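Working notes, beginning with the structure itself.
The values are calculated or read from the model by the stated rules, or taken from the named source; none is laboratory data. Keep in mind that what you see is a predicted model, and the values were worked out from it rather than measured. Note: ideal-geometry Cβ built from the backbone for every residue, glycine included; neighbour counts use all protein chains shown. Just the protein is used for accessible areas: all its heavy atoms, side chains included, with ligands, DNA and RNA removed. Shrake-Rupley method; radii C 1.70, N 1.55, O 1.52, S 1.80 Å.
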Number of protein chains: 2
Amino acid sequence: MTDFSATRAMFDLPEGVIYLDGNSLGPMPRAAKMRVAEVVSAEWGEMLITGWNRGWGGRGWMSMPVALGDRIGRLIGAEPGHVVVGDTLSIKVYQALASALEMVPGRKVVLSDSGNFPTDLYMANGLLTSLGHGHELRVVAPEEVEDAITDEVAVLMLTEVDYRTGRRHDMRALTAKVHAQGGLAIWDLAHSAGAFPVDVAGGGADFAVGCTYKYLNGGPGAPAFIYVAPRLADRARPALAGWLGHEAPFAFELDYRPGAGVERMRVGTPPVIQMTALDAALDVWEGVSLEDVRAKSVELSERFIAGVEAACPDLVLASPRDAAGRGSQVSFRFDEGYAVMQALIARGVIGDFRAPDIMRFGFTPLYIDEADVRAAVAILAEIMNNRLWDRPEYKRRAKVT
Amino acid sequence: MTDFSATRAMFDLPEGVIYLDGNSLGPMPRAAKMRVAEVVSAEWGEMLITGWNRGWGGRGWMSMPVALGDRIGRLIGAEPGHVVVGDTLSIKVYQALASALEMVPGRKVVLSDSGNFPTDLYMANGLLTSLGHGHELRVVAPEEVEDAITDEVAVLMLTEVDYRTGRRHDMRALTAKVHAQGGLAIWDLAHSAGAFPVDVAGGGADFAVGCTYKYLNGGPGAPAFIYVAPRLADRARPALAGWLGHEAPFAFELDYRPGAGVERMRVGTPPVIQMTALDAALDVWEGVSLEDVRAKSVELSERFIAGVEAACPDLVLASPRDAAGRGSQVSFRFDEGYAVMQALIARGVIGDFRAPDIMRFGFTPLYIDEADVRAAVAILAEIMNNRLWDRPEYKRRAKVT
């Protein structure tokens, strides 16, 4: 059984804060502070250029993308050696789609849904426009995806968990259907990795991508990851053919030869300092069972839904009521949701808001417990029942949220 | 007059090290240590998600890519508001080339040279293969570039300074020629930015890209930058159409609308911790004249060449003898150059080696002075004249260099 009081002690949350926004940016693991200080002073500062071979405690900074990929691979059910870390999620979506499309050359439809995070759609559209080969990005409502999987579809590209509502797709079933129809599946695990057990191998994903700054707590701007199924990894042509994906990057040859398997999905020089923070954050997962995380997350979420619905009749649940259909967040709708969220933040309960009317609350058992949920419900009820949100300073929109 | 003893004091070089590899990875500015610790503990740790608006001393992490772009813009002669920071140099090369090609739709030739850093060629080749529109990547010898600029050329894509020899192209003349022929020019400033005065605006560059971990001292894996000339910035279509390049990223619209000017070259979530280190490193440039940097760099380089040629007759200068034709590094050839470099490193003189036989030495007046050059020459002479390099431990190749 995972000891969540132990994982909680690994985080350094500010006094008085109930942090229900780990689905957007995970909090700082205590160890990250020291490890980042070390990589800056003791490695960059002292080893200088030799850190590429000697840094990261002797393993070499250059080995981080693959080694951290494996650490993440264990959390998403990937075969060892088939995940690599780098770049941003947007770039990884582009890589996956560009490679996938070439493997289904006769087809022109990329199927996605309107619940996908916009950057996935933007990147797909940018790629298809560049190609100019007559591809169509077909975007349907989330509930229409299954029926829209036909033999026209080259690639099904979905984010497993909806960033607004927490609605969760059935990865295994949808992947099986697109495979039966002769297409490939790309899964964006932004709101899945670290939130619940993911099984990319068992689920049959052809490509999977994700970010590491949400449930994996890698820090602001932490790098992304990409998984390529073993059956495809050695024949995926990388569109973003960077030198670190070359079979022999330090031979400095003029011609590109892709590296083995997923290594070809490396592009440029890895962000060593961010990767060090991520490495420290991944230590938290040692000894953690994702089944336990899921069970506790469901328990906390159910408790939150019940508490809010009982105390705040004006808030409307935006997430699926059935826990099996949700990721690890719960969303409520309210016309003045923006102001309510500001009032919550002013009182130490940090969630976030997505236009036009969605308040999001993430439940991350690594550092959130029942007492937090109880307190958050009480504060939200106080705000709602006394209209404490109805103040000009809560209605003024910040530049970004 | 720039006070180089003041800039030297801003770096924390290890005792006994003469660092002649700032052309590969700049050393740690003292301020980076504290600033990185602050962004981790006081911003990520305390502000959590609100750091996107409140971090970076109240300016908001989200504003860093554009603000740091402007700081770099001043060092490369860019118009304000036309440089943005993010991703890796490989990605920025891809962005620039993808946008440029669409602006010269009738032509099929991308011209580059064999002195370009391989990743630029790999990325170009990856893009052209994806497009499948019959483009040709034409790679000629550096000295043949000028003659190869014909009216077939859509885009001239060059790295200004050769990473092996330090040979420097004439940006202004080659750009003028490609413009006269109706094409566009992309300049990779990896070995230029921070090495000498660059004038992308005056030189007429259409796009310029560069990295920040060499002469700008941003740290291992520091993000790259991209410049788009004002005349093109609002009509360049971004192939990598990420959400942070959207006109209104936080509206989460399903359709992409490019942001104003170079902002559309932003892609995904910026690496806040790396950017903080870079920001600290850019402080070093306040009060520094790049003309002074150049003058001192030439003086140090000439002194080094003269010293080595006098003391080490077996070493052959691989860099142009005329300082006007060089960047800020000096290279020598020697069959056993790898072993010589290991012997140098063992004695605290850090340069690097590029196959098959090139030893590179970077001269960066921010922290290198005449005494360093004298000492480096003496140590190199001792190694050469006593064959101290001829030991098995110096001949064993490390995994990366």
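Worth pointing out:
- Among the residues of the stretch B:216-238, the ones that are in contact with a His (Cβ under 8 Å, 6 or more places away or on another chain), of a type outside the set (Ser, Thr, Tyr) and not in a loop (DSSP other than H, G, I, E, B) come to 3 in all.
- Candidate set: the stretch A:314-329, residues that are of a type outside the set (S, T, N, Q) and crowded, with 23+ Cβ neighbours inside 10 Å; chosen: the one farthest from A:Ser24 (Cα to Cα): A:Arg326
- Lone qualifier among A:Ser297, A:Ser289 - being within 17 Å of A:Thr165 (Cβ to Cβ) and either surrounded by 21 or more Cβ atoms within 10 Å (Cβ to Cβ) or touching a Ser or Thr at 6+ places or on another chain (Cβ under 7 Å) (or both): A:Ser297
- A single entry from A:Val155, A:Val83 fulfils the requirement of being at pLDDT 95 or above, more than 9 Å from chain B (Cβ to nearest Cβ), touching a helix residue (DSSP H, G or I) at 6+ places or on another chain (Cβ under 7 Å) and under 28 Å from B:Pro105 (Cβ atoms): A:Val155.
- Residues of the stretch A:222-267 classified as among the small types (Gly, Ala, Ser) and touching a residue at least 60 places away in the same chain (Cβ under 8 Å), total: 6
- Every residue from the stretch A:94-147 that is more than 25 Å from A:Ala241 (Cα to Cα), open to solvent by 10 Å² or more (accessible area, probe 1.4 Å) and more than 9 Å from chain B (Cβ to nearest Cβ): A:Arg138, A:Val140, A:Ala141, A:Pro142, A:Glu143, A:Glu144, A:Glu146, A:Asp147
- Residue in the stretch A:354-363 that is open to solvent by 40 Å² or more (accessible area, probe 1.4 Å) and away from chain B (no Cβ under 12 Å) present: no
- Strands (runs of 3 or more DSSP E) wholly inside the stretch A:322-401 containing at least 2 residues that are over 24 Å from B:Gly55 (Cβ atoms) and of a type outside the set (A, V, I, L, M): A:329-333
- Residue in the stretch A:330-344 that is open to solvent by 10 Å² or more (accessible area, probe 1.4 Å) and at pLDDT below 95 present: no
- B:Glu263 vs. criteria closer than 23 Å to B:Asn53 by Cα and outside any helix (DSSP H, G or I): no
- Filter result (of a type in the set (Val, Ile, Thr) and over 12 Å from A:Phe363 (Cα atoms)) within the stretch A:293-334: A:Val308, A:Val316
- Counting residues in the stretch A:260-279 that are over 19 Å from the mean Cα position of the chain (by Cα), within 21 Å of A:Met103 (Cβ to Cβ) and either of a type in the set (Ser, Thr, Tyr) or at the interface with chain B (Cβ under 8 Å from one of its Cβ atoms) (or both) gives one or more.
- Count of the stretch B:300-313 residues which are closer than 20 Å to B:Gly166 by Cα and either surrounded by fewer than 18 Cβ atoms within 10 Å (Cβ to Cβ) or in the same structural domain as B:Pro142 (by TED's automatic domain parsing) (or both): 5
- Per-region count, the stretch B:277-286, residues closer than 17 Å to B:Pro197 by Cα and open to solvent by less than 20 Å² (accessible area, probe 1.4 Å): 3
- Of all residues making up the stretch A:14-34, the number that are surrounded by fewer than 22 Cβ atoms within 10 Å (Cβ to Cβ), under 24 Å from the mean Cα position of the chain (by Cα) and under 16 Å from A:Ala277 (Cα atoms): 3
- Test result for A:Ile49, open to solvent by less than 30 Å² (accessible area, probe 1.4 Å), over 17 Å from A:Ile186 (Cβ atoms) and either assigned by TED's automatic domain parsing to the domain that holds A:Phe117 or touching a residue at least 12 places away in the same chain (Cβ under 8 Å) (or both): yes
- Criterion applied to A:Ala154, A:Ala176 was being more than 17 Å from the chain's Cα centre (by Cα), over 27 Å from A:Gly26 (Cβ atoms) and assigned to a helix (DSSP H, G or I), and the one residue passing it is A:Ala176.
- Within the stretch B:238-257, being surrounded by 15 or more Cβ atoms within 10 Å (Cβ to Cβ) and not aliphatic (A, V, I, L, M) holds for B:Pro238, B:Gly242, B:Trp243, B:Gly245, B:His246, B:Pro249, B:Phe250, B:Phe252, B:Glu253, B:Tyr256.
- When the stretch A:18-41 is filtered for residues that are more than 7 Å from chain B (Cβ to nearest Cβ) and either in a loop (DSSP other than H, G, I, E, B) or touching a helix residue (DSSP H, G or I) at 6+ places or on another chain (Cβ under 7 Å) (or both), the ones remaining, listed by number, are A:Ile18, A:Leu20, A:Gly22, A:Asn23, A:Gly26, A:Pro29, A:Ala31, A:Arg35, A:Val39.
- Criterion applied to B:Ile76, B:Ile91 was being buried (at least 24 other Cβ atoms within 10 Å of the Cβ), within 11 Å of chain A (Cβ to nearest Cβ) and of a type in the set (Val, Ile, Thr), and the one residue passing it is B:Ile91.
- Pair list, Cβ < 9 Å and 6+ apart or interchain, from the stretch B:170-181 residues that are of a type in the set (Ser, Thr, Tyr) to residues that are part of a helix (DSSP H, G or I): B:Thr175/B:Gly203
- Every test in (1) in contact (Cβ under 8 Å) with a residue 60 or more places away in the chain; (2) assigned to a loop (DSSP other than H, G, I, E, B); (3) within 20 Å of B:Ile379 (Cβ to Cβ) is passed by B:Pro313 save one, and that test is (1).
- Boolean, B:Met64 is open to solvent by 20 Å² or more (accessible area, probe 1.4 Å) and facing another protein chain (nearest Cβ under 10 Å): no
- Unique residue being modelled with pLDDT under 95 and hydrophobic (A, V, I, L, M, F, W, C) when the list is B:Ala355, B:Ala371, B:Ala324: B:Ala355
- Residues in the stretch B:258-272 that are crowded, with 24+ Cβ neighbours inside 10 Å and at positive phi: 0 in all.
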